[in-house]
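Below is one structure; the comments refer to it alone.
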Amino acid sequence: MDSLQLQALLPFIVLASASVVIILLIAARQSHTVIQITGFLMMCLVVLAMWYVRDVLPRAIMPLLVVDGMAAVFTGLIVFCVLIIGLFSFIYFEEREENPKEYYILIFLGTLGAAVLTISRHFISVFIGLELLSISLYALIAYLRNRNNAVEAGMKYLVLAAMSSAFLLFGMALIYMDTGSMDFDGIAKQLQTQGHSPALFVTGIGLMMVAVCFKLALVPFHLWAADVYQGAPVPVTNFIATVSKIGVFAVLVRFAQAVQLQSYHFAVIIISFVAIVSMVGGNLLAIKQQNIKRLLAYSSIAHLGYLLVAFLPGNAAGIEAGMFYLFAYSITLLAAFGIVTMLSGRQADADQLEAYRGLYWRNPLMGAILTVALLSLAGIPLTAGFIGKFAVLNAGVQQQLWLPVIVLVITSVIGLYYYLRIISTLFAETQVIFPKEKSLHPLFVAGTYGALLVLLILLLGAGIFPSAVIDGIKNFLCQGFRIINF
Amino acid sequence: MILVWMIVILLIGGLLCWLTARANEHAAKWVALVTMLIDAALICGVCFTQRVSSINTWIVDIKTQWIPAYGIGFHLAMDGLSMVMLLLTFFLGTLAVLCSWNEIKQRTGFYYFNLLCTLAGIAGVFVAMDLFLFYFFWEVMLVPMYFLIAIWGDTNRRYAAYKFFIFTQAGGLLMLIAILSLYFIHAAQSGVYSYDYFDLLNTTLQPSAARWIMMGFLVAFVIKLPMVPLHNWLPDAHSEAPTAGSLILAGLLLKTGAYGIMRFVLPLFPQAAEAIAWWAMLLAVIGIVYGAMLAFAQTDIKRLIAYTSVSHMGFVLLGIFSFNAVAMQGVVMQMITHGISTGALFVLAGMLKERLHTRDIESMGGLWSSLPAMGAVGMLFTMASLGLPMLGNFIAEFLVLMGAFTANVPLTVIATFGLVFSAIYSLRFVQKVFLGPSTFQKPLPDFSAREFVMMAALSIAIVWLGVYPQPVLDMVQHAVQAVVTK
């Protein structure tokens, strides 16, 4: 490994050291505030490191990793999400009885796992990244262990995630058996020389898809989503909804690009099927929900279905659309869960829809942010979600994928109903006065509001002037595509 | 730049309303009124200084890049048709502000914000010449309208608001897919990725493709119009909305559907439109008769007026699909006069509701004796609505029927019977509300000065259009000619 390769890995090394620094701080008995600020700074350092190494990219670290433009976009998005989630975590955990300090170790480990996924070009690194992410999540989901829901959710995730890992390993093993290689390019080369798709490879892909669908909570592997979203602490729910999905989607894109997954008919059929049933299932299941965390869980199932529509074409336009969609979806969910975090009290999360009645009149800023976030999820213009949906439709129509596109349109009309339901709750009349029980550090309250405002500006900004984001993604991707040639 | 300013002024005015209302509840309505007057003055200025001629059809034209990555431009342009629609928009917009003056007592700031944003969206729809931008405005006008209905509406407002939003959004998304398909077909032919109206006009389409794409557009527009099987959002939305909401819905939102058909469907897909003309005319005639029959059966005053809209918009559809200049002139006249007469009736219904606290015409009666001025104005506008000569609607319907007669005799004959039906429901309306034994013993206040000004403006407009419609016909002549010759 030469120094340039080390340099390319610098952001990931900083990210890994973040957990270690937190451990040392805990050993030195530092307060929650100190840990929080250090964590925030470490994440900023990661961003700085990424900026510092931008000229070194793209660079492959054989045989496991490759740091290229695509990885930079995905990792940047992940780190941005974690920055915001970290901020929200403070006000959430500060008033809980449990000791919140170890939480940050787990969060940063999970982030490292997701980041490793974005740079993987080998089954081993995929597996390491995924396990790093999953194992942190087991603990994170059940972190508030005095709550019944939390333990249940943690157990559920543990059992199902372990099983999906088994599927993944089995799939990898089959593909290895067929091609004799575990790195993506090697597999692709072997497949080209074979010239047909043998049964072992097909089965292997099928098994791996099970694991990927599980992680992305796609129908029919979505059963854990609602319970886990509901049971986990709000910032962790936010983490699952954004970071873990970005990581898994990144590895899916990279693998598909290497082996040209979309050129296999069976793969396209499987993915189309999963996308369609996810869009339909997610939206239908969300309609009746009264719990906002469960509702967002089902809605995220549907949104990942939309994302797969962008993934289906397998061309540059599709990948760009997918990236933009993930970006829009992530900032939207960050904002939405941010509001849930802000409203959650000492005893329970603010997850019942009733808690939001008349929110706009009680707190116009929070009400407005949640409204914009929901409109963005529904894909209404002026918000990032609309441009995301437009980009996805753009990619789908270009390839004439009529069935998924039509299903997308119909289901998003269905989805509109439950988003409107929440929005009209936000604007409903209210008599209830909710007691203010928070006495938090004003710096963090201000920081949280600041983060929410930044998200609001991003949501509207990317909805009105999306050019900057789209061009940014394009530039990074150009770097990413260069790697295939060297 | 004047078109950009018009929209920006509305948005800034809206924001100002929102902000000033925090300091003073009354300030908002003055800000809103001043905003509307500035815009009205601007459009009148353009109207007097610029002349539409056959060489210079497009009076104002602004074109810049917006999202170059997708070939999306920011292209606003105005011809005679757009100008007439903008005049109507700002005229009715000013009245909408005035008629909310005392009706809206709570949350005035947010109310006027939404009102002005709706108008901004509508104004945008009438001048957008980039299909993406058009879709953007098309959706932008939905959200604030949804809020107007859902927050300040009557008892059943949430249901009505959902229905309104979901119907129009469903149509809108189908239109988006159609726009995208057209865009890619055009790009494949010319190599230029553009959503610009004038570029897309040069696309040559296969008949089957043209049919499908046209259906996408048409569904969106006939839902808004509304055409008969798709009309059932309209009575709910109209009757539950606050007065200004009903005024804007009936006066302007419905016109965006008709405008869309004239501007986009006919020029872009002339052959395909001709192929379905018979069916469209049939549905239009069914709408005329069916709307009139339902109007006759209503007891709720606002629902009654809403169903008359269904009937009147049937004439619009009939005229558009007759494909000749006379009918098309009639359609534009109908759009304006229906906006004014139905708008006036909704305002009247709002005034009655303010005084009587009911919308049930069974419990009204004999109001002429206590409200003579209102009775007279009510009589005037019901006469207008049933198509009495000397009033604008007569000219409109006469032209439409004259044009349609050359296209399809039997259907036109049936449509003419619609006029008889409209006489029946109009007379029933006058009879039940203003004539007959008086049921209200309390003295009721007649017009206030503000109400008098509003009604005087509307009355002058409708009489003027009935006596001397030539300026309007001149203004739209070239635009209409362009549509028909295609």
With respect to the numbered conditions (1) open to solvent by 20 Å² or more (accessible area, probe 1.4 Å); (2) free of Cβ contacts under 8 Å to residues at least 60 places away in the same chain; (3) β-branched (Val, Ile, Thr), which one is the sole condition not fulfilled by A:Thr33? (2)
For the subset of the range B:6-59 comprising residues that are in contact with a Ser or Thr (Cβ under 6 Å, 6 or more places away or on another chain) and at pLDDT below 90, which member is surrounded by the most Cβ atoms within 10 Å (Cβ to Cβ)? B:Ala28
Tell me, please, whether a residue that is under 22 Å from B:Phe346 (Cβ atoms), within 14 Å of chain A (Cβ to nearest Cβ) and out of contact with any Pro (no Cβ under 7 Å at 6 or more places or on another chain) can be found in the range B:91-99. no
Does the range B:383-420 hold any residues that are among the charged types (D, E, K, R) and surrounded by fewer than 24 Cβ atoms within 10 Å (Cβ to Cβ), and which are they? none
Is it true that A:Ile387 is out of contact with any Phe, Trp or Tyr (no Cβ under 9 Å at 6 or more places or on another chain) and either of a type outside the set (Gly, Ala, Ser) or not in a loop (DSSP other than H, G, I, E, B) (or both)? no
Considering only residues that are under 21 Å from A:His303 (Cα atoms) and open to solvent by 20 Å² or more (accessible area, probe 1.4 Å), look in the range A:349-374 and name the one that is nearest to the other protein chains (Cβ to nearest Cβ). A:Val372
Pull up the range B:448-486, narrow it to residues that are touching a Phe, Trp or Tyr at 6+ places or on another chain (Cβ under 7 Å) and open to solvent by 30 Å² or more (accessible area, probe 1.4 Å), then point me to the one that is modelled with the highest pLDDT. B:Arg450
Matching residues, the range B:134-183, being among the hydroxyl-bearing types (Ser, Thr, Tyr), more than 20 Å from B:Leu201 (Cα to Cα) and touching a Gly at 6+ places or on another chain (Cβ under 9 Å): none
Residue that is nearest to the chain's Cα centre (by Cα) [pool: residues in the range B:207-226 that are within 14 Å of chain A (Cβ to nearest Cβ) and not aromatic (Phe, Trp, Tyr)]: B:Ile223
Residue selected from the range A:302-325 under the condition buried (at least 24 other Cβ atoms within 10 Å of the Cβ) and small (Gly, Ala, Ser), by the criterion farthest from A:Leu401 (Cα to Cα): A:Ala302
If we take the range B:330-428, then helices (runs of 4 or more DSSP H) inside it with 2 or more residues that are of a type in the set (A, V, I, L, M, F, W, C) and within 25 Å of the chain's Cα centre (by Cα) are B:372-386, B:392-407
Counted residues, the range A:199-219 - those being touching a Ser or Thr at 6+ places or on another chain (Cβ under 9 Å) and either open to solvent by 20 Å² or more (accessible area, probe 1.4 Å) or closer than 30 Å to A:Val151 by Cα (or both): 11
Run B:Asn324 past the list (1) surrounded by 24 or more Cβ atoms within 10 Å (Cβ to Cβ); (2) over 16 Å from B:Pro242 (Cα atoms) and report the number of the one that doesn't hold. (1)
Could you look through the range A:400-431, keep only residues that are polar (S, T, N, Q) and open to solvent by 30 Å² or more (accessible area, probe 1.4 Å), and pick out the one that is farthest from the other protein chains (Cβ to nearest Cβ)? A:Gln431
Cβ pairs under 7 Å, 6+ apart or interchain, first in the range B:252-275 and modelled with pLDDT of 90 or more, second open to solvent by less than 10 Å² (accessible area, probe 1.4 Å) and of a type outside the set (A, V, I, L, M, F, W, C), ordered by first then second residue, are B:Leu252/B:Thr89; B:Leu252/B:Gly339; B:Leu253/B:Lys224; B:Leu254/B:Lys224; B:Leu254/B:Ser309; B:Lys255/B:Gly339; B:Thr256/B:Lys224; B:Gly257/B:Lys224
Need at least 3 residues that are farther than 16 Å from B:His231 by Cα per element, so show me which helices (runs of 4 or more DSSP H) inside the range B:247-328 make the cut, counting only ones lying wholly within it. B:270-275, B:277-297, B:301-320
Any residue in the range B:59-78 that is more than 14 Å from every other protein chain (Cβ to nearest Cβ) and farther than 30 Å from A:Ala391 by Cα? yes
Condition first: open to solvent by 30 Å² or more (accessible area, probe 1.4 Å), without any contact (Cβ under 8 Å) to a residue 40 or more places away in the chain and not charged (D, E, K, R). Now tell me which residues in the range A:51-79 satisfy that. A:Trp51, A:Met62
Could we say that A:Ser299 is more than 14 Å from chain B (Cβ to nearest Cβ), of a type in the set (S, T, N, Q) and under 25 Å from A:Cys213 (Cβ atoms) here? yes
May I ask you to list the residues in the range A:450-486 that are away from chain B (no Cβ under 14 Å) and either at positive phi or at pLDDT below 90 (or both)? A:Gln479, A:Gly480, A:Phe481, A:Arg482, A:Ile483, A:Ile484, A:Asn485, A:Phe486
State yes or no: is A:Thr111 out of contact with any Leu (no Cβ under 8 Å at 6 or more places or on another chain), surrounded by 22 or more Cβ atoms within 10 Å (Cβ to Cβ), assigned to a helix (DSSP H, G or I) and polar (S, T, N, Q)? no
Among the residues of the range A:375-398 satisfying the criterion of being over 19 Å from A:Gly282 (Cα atoms) and more than 9 Å from every other protein chain (Cβ to nearest Cβ), which is nearest to the chain's Cα centre (by Cα)? A:Ala384
All helices (runs of 4 or more DSSP H) inside the range B:103-206 with 3 or more residues being open to solvent by 10 Å² or more (accessible area, probe 1.4 Å), within 11 Å of chain A (Cβ to nearest Cβ) and farther than 30 Å from B:Glu25 by Cα: B:157-190
Output the residues belonging to the range B:471-486 that are within 17 Å of B:Ile336 (Cα to Cα) and among the aliphatic types (A, V, I, L, M). B:Val472, B:Leu473, B:Met475, B:Val476, B:Ala479, B:Val480
Search the range A:268-291 for residues that are open to solvent by 40 Å² or more (accessible area, probe 1.4 Å) and pair each with any residue that is part of a strand (DSSP E or B) when their beta-carbon atoms are under 7 Å apart and the residues are at least 6 apart or on different chains. A:Gln290/A:Gln352
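The values are calculated or read from the model by the stated rules, or taken from the named source; none is laboratory data. If you're wondering where the values come from, they're calculated on a predicted model, not measured in any experiment. Methodologically, a virtual Cβ is constructed for each residue, glycine included, from the backbone with ideal geometry; neighbour enumeration extends over all protein chains shown. Side chains included, ligands, DNA and RNA excluded: accessible areas come from the protein's heavy atoms. Shrake-Rupley method; radii C 1.70, N 1.55, O 1.52, S 1.80 Å.
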